[in-house]
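What follows draws every value from the coordinates through simple rules; no lab data is involved. Please read all numbers here as calculations on a predicted model, not as lab measurements. Counting neighbours? That spans all protein chains shown, and the Cβs are built from the backbone with ideal geometry, glycine included.
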Amino acid sequence: MLNKLSYVVPPLSEYVGRARILIADERHRERNSLYSILQDAGCSQLFLADNESEILKYLRKGYRIPEQQMDLLVLSSTMPKMDVMRLCGQLSTSELRTIPIVVLTTRSETPPNLEVDSFQQAGALDVFSHPLRDIEVIPRINLVVRIGYQVKKSVQVEQDLRDKLAQQRQITLRRDQALNYDSLTQLASRQYFTSELKRFLGASRNLYRTGAFLYLDINNFKVTNDIWGYEKGNEVLQKVATTLVRRLDEKHLIARLGSDEFAVLLKEVNHETALAVSGDLSSAVERMVIGESPSQITTSVCIGIVDIHPTMTATKVNEVITCAHQACRIAKSRGGDHIYRYDAEDPELKRMREVVQAVSVVRQGLRENWFRLFLQPIMRAADQTLAHFEVLLRLMDDQGRSYSPGLFIPAAEQAGLIAQVDYWVVEHSFDLLEQLSVFDDDIGISINLSAVGMQEEDIYSLIEDRLSRTLIDPQRVTFELTETAAIRDVRKIKDTIVRLRGLGCRFALDDFGSGYCSFDYVKNFPVDYLKIDGIFIRNIIDDHLDQITVQAMVKIAHSLGKKVIAEFVETEEIIDCLREMQVDFLQGYCLGKPEPAERILQQLSGQHKPPAARFEPLHSIS
Ligand code: C2E
Ligand code: CA
Ligand code: CA
């Protein structure tokens, strides 16, 4: 009794009480002794097995259904036909390694320490010996199950970590793939091409390698997309890609840079080979046929070439890409399937660079109000009286440098700033018209608008608002739109013209004849004036062809009920000639140069002051 009271069996911890324990011992007496100790201590999930196959059955089931997995396996060391050592080893290196194992031996055959060690080395966490005493067994069972629980937890953490890493690797792999390859064409991506080009430029400088960068752009791809739809457009892109791959040796790199733009890095070629390869690629693309008749599509490309050699001036990868892009744009501007080889000294390229440089000036000009309005008179040919003024924009920076609109207008267009510029012009032109009205409320102005600006809702509202607020006769306001701008999107532009004319304003088709010059198209264009391009007027006295052309233009314009304005009227002789041809209005240096609006206002007010040195009129279009 005393003996029994002399110790207290520590209770099973709560989760050990719930633990699933499998006791594998064929000797029922020994097995039952452990069973009852555990049961008395509060273990409710005890399972028994007689042999290896029963053990494995329980464990496999637990593997399939994790909630039914054992939290402890007690193995008798004396089970017949079973090598406990082997089983311990096997389990501890398998997926089931998280199940703690206890080996049971009998006291009579208490193994030497060596044997305990070898069970533990094989993977057993503890070795119990019969006869079992609850005071010894319970704390050790507590400990072993807890260790198993900790192991299970850390294995889970490890597994989660491994899953996360694998997931991360997958994401990185997919991202690398997306970055390096174009999914539509399976060609290299812009990013990959850029890094390869950079490497090659370095190799060219240091190892004297030569090559060429071809920048290809599909002609009229937008039209293909619009007419045939995106799917067909994609087919065109894929077909161009396969054509390039087929025609080029594997050592060259082919990439898709963006929507319809491709690039080829030709390695170890001289400029003659680069030119020949470009010609071959261009004709191969032209021979391509996409789709079946009657919806067959053919296409073509223009190609800009930049030779790569150790002494080239552009050394940075972005500079080289810009050069190739510019070369391609020049190839495109020349029309058809042109190929253009980059030449830094080419005036066309120089101008393109100037336009790009002018972008920041326009941006700053808009911010700091560097714009000024000039006015040039447009006279009635019949009596040379003033009909209206054309408003011409000037830009002068804070250093007093003036920029020609021939430069900053294309820069504004390229940088997407043209609508802001047009807004500024319209707003200030209306201010000006109000000021002019003080002296003459008949005088009109014509305002140049870009195709983008004229479709801008803000600009339309501004015009509508100013007309209604000032009660200015809308007929005093003419808008000029160049012919090339008008044909970019004939239908939309026509609608906008109709809308603006609906307010009562007039419209002039500027630079008429410089672009498509299709009378058929003029016929349907709702404009009041045709402004014949200066190139037909300048040399009209000596150029018979110009005379015939202008005569025809006047005749047709009149038959369509439109008035004709001639610009670049530079001599008295030209005035006479144009009057004879029934041109309605004249504009040019001979009749009046563009002058600052302030000066014109001063003249009109009769307080003419000497011209301000800052605003010397610019006399030529550059
Ligand atoms: P444009 O509308 O055809 O303007 C006529 C251009 O010819 C003006 O050049 C004018 O100064 C010049 N000019 C007029 N008479 C003669 C002449 O007898 N001989 C010569 N050699 N040139 C003459 P400017 O002002 O440099 O303008 C160039 C172009 O810039 C304009 O061509 C127009 O397309 C554009 N532009 C000018 N102002 C604006 C504007 O406010 N907004 C927009 N969007 N474009 C503008
Ligand atoms: Ca104009
Ligand atoms: Ca013009």
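Multiplying the residue separation of residue 57 and residue 473 by 0.36 nm and removing their Cα-Cα distance gives an extension gain of 139.8 nm. Taking the alpha-carbon distance from residue 593 and a cut-off under 13 Å, which aspartates and glutamates remain once sequence neighbours fewer than 8 residues away in the same chain are dropped? Reachable aspartates and glutamates: 390, 567, 570, 616. Remark: for residue pairs 198/222; 531/555; 232/492, the C-alpha separation exceeds 19 Å in 198/222; 232/492.
Normalising the average separation of contacting C-alpha pairs (under 8 angstrom, six or more residues apart) by the number of residues puts the relative contact order of segment 190-344 at 31 percent.
In terms of its alpha-carbon gyration tensor, segment 12-160 comes out rounded; the largest-to-smallest axis ratio a/c stays below the 1.5 threshold.
Convex hull volume per residue, computed on the Cα atoms of segment 500-560, equals 86 Å³. Please give the helix 190-207 orientation as an angle from the longest Cα principal axis of the chain, in degrees from 0 to 90, rounded to the nearest 10. For 190-207 against the chain, the angle is about 80 degrees. Charged neighbours of residue 150, selected by a Cβ distance under 14 Å, balance to +2 (K, R count +1; D, E count -1).
Within the shell defined by Cβ-Cβ distances under 15 Å, the residues around residue 198 carry a net charge of +4, with Lys and Arg each +1 and Asp and Glu each -1.
For segment 12-160, the relative contact order works out to 24 percent when only alpha carbon pairs closer than 8 Å and six or more residues apart are counted. Dipole orientation for the chain: of the candidates 28, 402, 327, 28 has the Cα lying most toward the positive pole (charges on Cβ; Lys, Arg +1; Asp, Glu -1). Picking from 339, 568, 505, whose Cα lies most toward the positive end of the charge dipole for the chain (charges on Cβ: Lys, Arg +1; Asp, Glu -1)? The one lying farthest along the dipole's positive direction is 339. Local charge for residue 248 was computed over the other residues whose Cβ lies under 11 Å away, with Lys and Arg +1 and Asp and Glu -1, and equals +1.
So if we plug the beta-carbon distance of residue 140 and residue 163 into 1/(1 + (r/R0)^6) with R0 = 45 Å, what FRET efficiency do we get, rounded to 0.05? Working from the Cβ atoms, E equals 0.85.
Within a straight-line Cα-Cα reach of under 15 Å, residue 239 can be paired with the following aspartates and glutamates, leaving aside sequence neighbours fewer than 8 residues apart in one chain: 182, 217, 231, 260, 261, 286, 292.
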